[in-house]
1. Once the piece of chain linking Asp275 and Ser507 is laid out straight, how much longer is it, given 0.36 nm per residue of separation minus the C-alpha distance between them?
2. Under a crude label model (7 Å from the Cα following the beta-carbon direction), how far is Ser381 from Ser159 in nanometres?
3. Taking square-rooted eigenvalues a ≥ b ≥ c of the alpha carbon gyration tensor, is segment 181-318 rounded, prolate or oblate, where a/c under 1.5 means rounded and, failing that, a/b exceeding b/c means prolate?
4. Between Ile192 and Glu393, 0.36 nm times their residue separation minus their Cα-Cα distance comes to what?
5. Which of rounded, prolate, oblate describes segment 128-176, given a ≥ b ≥ c as roots of the alpha-carbon gyration tensor eigenvalues and a/c under 1.5 marking rounded, otherwise prolate only if a/b is larger than b/c?
6. For Asn171, what residues show an amide H to amide H distance below 5 Å, using hydrogens built from the backbone and excluding near sequence neighbours?
7. Can you list the residues of segment 280-307 with backbone N under 15 Å from a point 7 Å past the Cα of Asp251, pointing along Cα to Cβ?
8. If you keep only loop residues by DSSP, which GluC sites (Glu not before Pro) in segment 360-443 have at most 15 other Cβ atoms within 10 Å of their Cβ?
Amino acid sequence: MKFNKLPLIVLLVLAFLSASSPAFGQGASVTSRKEFPRYKLVDLGTLGGRASYVNPPWSLGAPNQMNRHGVTVGSAATWVPTSFGCPFCNGLDGQVFNVFHAFKWSGGVLKDLGALPGELTNSVATSINSEGSVIGHSENGKIDPLTGLREIRAVVWQSGHIQNLGTFGGNHSFVSEINNRGQVIGLALNTIPDPVSFLGFFFYGSTNSTQTRAFLWQDGHKRDLGTLGGPDAVPNRINDRGEVTGGATIDSVPNPTTGLPTYHPFLWRKGRMIDLGNCGGTLAGGTAINNRGQIVGSCNLPGDEFSDPFFWEDGKFIDLYTSSIAGNPITVYALNDRGEAIGGGAFPDHPYDAYVWKKGVATDLGFLEGDCYSEAFVIGSKGQIAGQSYPCELNSRRPFLWQDGTMFDLNEVTQAPSGFRFTQVFVINDRGEIGGIGTAPGCDDDEDCGHAMVLIPCTSGDNDFECEHVSQSAGITNNATVLPNKRTPLTATLNLTGRDLAARLQSRFGRRQIFGRHR
């Protein structure tokens, strides 16, 4: 790989252009040693089985898989075989099923958090707050008489004990998030029959279910948050002020396009659920809320064939696809406290790239050298962004980190033990630590035997072996890196529009949005 050596004045010009231009990434840049990111990879291992995982950020109830101290949660296979399988293990249990248990990783130790009592019960930890309280889901060993499936309960682990958060009388409950005040939000079934219940219809494909209700749990008390007039509500995120966003039905009439009643995004604040509006379709919901009360989400357009991302603040509802300068955001996955939203979008010179949006401007983050597309999934409070870069044929993916106008291949700036490779980014915390999954020695398919992994940044004074050998192992000369080349020939592309590419990526790599067209 060739790198240009540019004088300092050119670097300063490039830095200015990347900060002020809505679309950048047209050439190459040399980055100083202090600016050049270096990581060491830590394999979190398993609990005796083949696989472990950190939850994808787009899955239900998985926004904070790593807290600000680097403590990480997820689920790992034990050595105990089972014929039941694991209902929330994303296919990682392979052909030979083992029981999966929730874990907490801290200080290099992987701790089994256990599960609710019952025969061969699986569990998963999905979120952790700054104080170390953990939430997740666990089977309880019972069979749901309405669906014939094993029942699942929302749970919290505190002071070494697991607590069942229960339901509203129904047969299932799930968590969504825990904030730094210890408030937990989730969804639970009650006893009122509902043929188009969100949990029953959307997750289990059954019309034999009961109403899905949003709850807020704190200090042993669970509160029903209500709806916008219909039978169901689904909470997605809560901020540290106790404000909640998600989607709720406005009636109980199924729509022919979705099979569900009409959902609108909501803000629950001080005991009141506020309707945020929609984009003209029948399915919409808030997917993230920051500590300023700003909300992003997805909303279907009239006809429910397409969905757009939106931004809401103080009563103002903004369709990001139609109102943004420089590009058209198509998906939105996260929002930080600086009001920066990220996802994938279309740009004048390229159909689908990762973007960061702020104050009406969508900035194209580009893609890794040799690829054609990209999508951003997580963003830190300091503006570090991570996601995946894709080749023109969409047959693989590479994890990237974007910071200060430059996109890096994470495997090229990371020292990993022999045979280990990081493959998917799922979380980044305020210290720049990155969590996700990767492949271990002898494992060619991360969907079958992947491992949970954490990338820890090397500091300027970090002289251990892994950090000192990052540049050598990556084959990097003079600490240089190449910005994504927007002029990469697209002769091998699929000739798809940005919306088509978003749908293809969602289908190809198993992603879904709780609300919106892609699910």
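1. Values: separation 232, 0.36 × 232 = 83.52 nm, distance 3.04 nm.
My answer for the length gained is 80.5 nm.
2. Spacing of the two 7 Å Cα→Cβ label points: 2.8 nm.
3. Working: a/c = 2.14, a/b = 1.09, b/c = 1.96.
Oblate.
4. Details: separation 201, 0.36 × 201 = 72.36 nm, distance 4.79 nm.
Full-extension gain reported as 67.6 nm.
5. On the way: a/c = 2.94, a/b = 2.49, b/c = 1.18.
Here segment 128-176 falls in the prolate category.
6. Leu189
7. So the set is 280-283, 303.
8. On the way: sites: Glu369, Glu375, Glu393, Glu412, Glu433; in loops: Glu369, Glu393, Glu433.
Passing both the DSSP loop test and the Cβ count: Glu393.
FYI, it's all coordinate maths here, none of it is from the lab. Note that this is a predicted model, so its numbers are computed, not measured. Every residue, glycine among them, receives a Cβ derived from its backbone with ideal geometry; neighbour counts consider all protein chains shown.
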